[in-house]
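Visitor: This is the structure I have questions about; it appears just below.
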Amino acid sequence: MATAIQDIPLKTINGQDATLGDYAGKVLLAVNVASKCGLTPQYEALEALYGKYKDKGLVVLGFPANNFGAQEPGTDAEITDFCTTNYGVDFPMFSKLSVKGDDQHPLYAQLVAEKPDKTFKDGSFKEKLAGYGIVPENETDVLWNFEKFLIGKDGKVAARFAPDIAPDDAIITSAIEAELAK
């Protein structure tokens, strides 16, 4: 039986209907991505992570969002071109959506509801944002681009990672390996 999160309607970046249920039985790493962010080079590590673990059951899912500093202004076609040309992205990408605010996509509302607390490597990224006057309205909000949600094979959110934790950091890879082993 599908979980609530697996039934939420989505659109792929190419306009096809989809749900997370399309990946039932897989471990998922959902990431809100942006093309013009200081963290954009994480695309390279996300693609490497996908290449390393996809045959073991991991699927990285990219969700472009323009919620932070207008750092994802492009159309879905422009985002696709950017990702494939600059980073060779082969993992599934979805149509641009909103990860917070009044127009928050239901997927992100559910992700945040299931896992309201983030894992931080240290507090420096949160402090850095605060130094720029960027403070989340709500502590459970997605903090910035490249926040990561790990969803287990059972369709439940297993972990949530702050944006500045690199995809290949041991904090994330050990969590992925633990979920893959279940």
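The values are calculated or read from the model by the stated rules, or taken from the named source; none is laboratory data. Everything quoted here is computed from the prediction, not taken from an experiment. Ideal geometry is used to build each Cβ from the backbone, glycine not excepted, and the neighbour counts take in all protein chains shown.
Visitor: Going by the structure shown, is Gln16 of a type in the set (S, T, N, Q), at pLDDT 95 or above and more than 18 Å from Asp164 (Cβ to Cβ)?
Guide: Yes: the conditions hold for Gln16.
Visitor: Within the stretch 68-94, can you find the residues that are at negative phi and in a loop (DSSP other than H, G, I, E, B)?
Guide: Phe68, Gln71, Glu72, Pro73, Gly74, Thr75, Val89, Asp90, Phe91, Pro92 - these are the residues of the stretch 68-94 that are at negative phi and in a loop (DSSP other than H, G, I, E, B).
Yes/no per residue for (1) hydroxyl-bearing (Ser, Thr, Tyr); (2) closer than 17 Å to Leu28 by Cα; (3) surrounded by 15 or more Cβ atoms within 10 Å (Cβ to Cβ); (4) in contact with a His (Cβ under 6 Å, 6 or more places away or on another chain):
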| residue | (1), (2), (3), (4) |
| --- | --- |
| Lys96 | no, no, yes, no |
| Asp103 | no, no, no, no |
| Val112 | no, yes, yes, no |
| Lys115 | no, yes, yes, no |
| Lys118 | no, yes, yes, no |
| Gly131 | no, no, no, no |
| Ile134 | no, no, no, no |
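Visitor: Which of the numbered conditions does Leu97 fail, given that it passes all the others? Conditions: (1) assigned to a loop (DSSP other than H, G, I, E, B); (2) at pLDDT below 95.
Guide: Only one criterion is unmet by Leu97, namely (2).
Visitor: Does Gln71 satisfy the condition of being over 19 Å from Leu49 (Cα atoms) and touching a helix residue (DSSP H, G or I) at 6+ places or on another chain (Cβ under 9 Å)?
Guide: No.
Visitor: Among the numbered criteria (1) under 27 Å from Ala4 (Cα atoms); (2) touching a residue at least 24 places away in the same chain (Cβ under 8 Å), which single criterion is violated by Thr19?
Guide: Among (1) under 27 Å from Ala4 (Cα atoms); (2) touching a residue at least 24 places away in the same chain (Cβ under 8 Å), the lone unmet condition for Thr19 is (2).
Visitor: Picking from Tyr53, Tyr108, which residue would you name as being among the aromatic types (Phe, Trp, Tyr), assigned to a helix (DSSP H, G or I) and more than 13 Å from the chain's Cα centre (by Cα)?
Guide: Just one listed residue meets the conditions, Tyr53.
Visitor: Please state which of the following conditions Val142 fails to meet, knowing it meets all the rest: (1) assigned to a loop (DSSP other than H, G, I, E, B); (2) surrounded by fewer than 17 Cβ atoms within 10 Å (Cβ to Cβ); (3) among the hydrophobic types (A, V, I, L, M, F, W, C).
Guide: With respect to (1) assigned to a loop (DSSP other than H, G, I, E, B); (2) surrounded by fewer than 17 Cβ atoms within 10 Å (Cβ to Cβ); (3) among the hydrophobic types (A, V, I, L, M, F, W, C), Val142 is out only on (2).
Visitor: Another question, then. Taking the stated definitions as given, is Lys36 part of a loop (DSSP other than H, G, I, E, B), touching an Asp or Glu at 6+ places or on another chain (Cβ under 6 Å), charged (D, E, K, R) and at pLDDT 90 or above?
Guide: no
Visitor: Sticking with this structure for a sec: Identify the residue in the stretch 135-171 that is free of Cβ contacts under 8 Å to residues at least 40 places away in the same chain and among the β-branched types (Val, Ile, Thr) and, among all such residues, is nearest to Ser35 (Cα to Cα).
Guide: The extreme case among them is Val135.
Visitor: Next question. If a residue must be crowded, with 20+ Cβ neighbours inside 10 Å and out of contact with any strand residue (DSSP E or B) (no Cβ under 7 Å at 6 or more places or on another chain), how many such residues does the stretch 145-159 contain?
Guide: The qualifying residues number 1.
Visitor: What number of residues within the stretch 40-87 satisfy the criterion of being touching a Ser or Thr at 6+ places or on another chain (Cβ under 8 Å) and among the aromatic types (Phe, Trp, Tyr)?
Guide: Residues that pass the stated criteria total 1.
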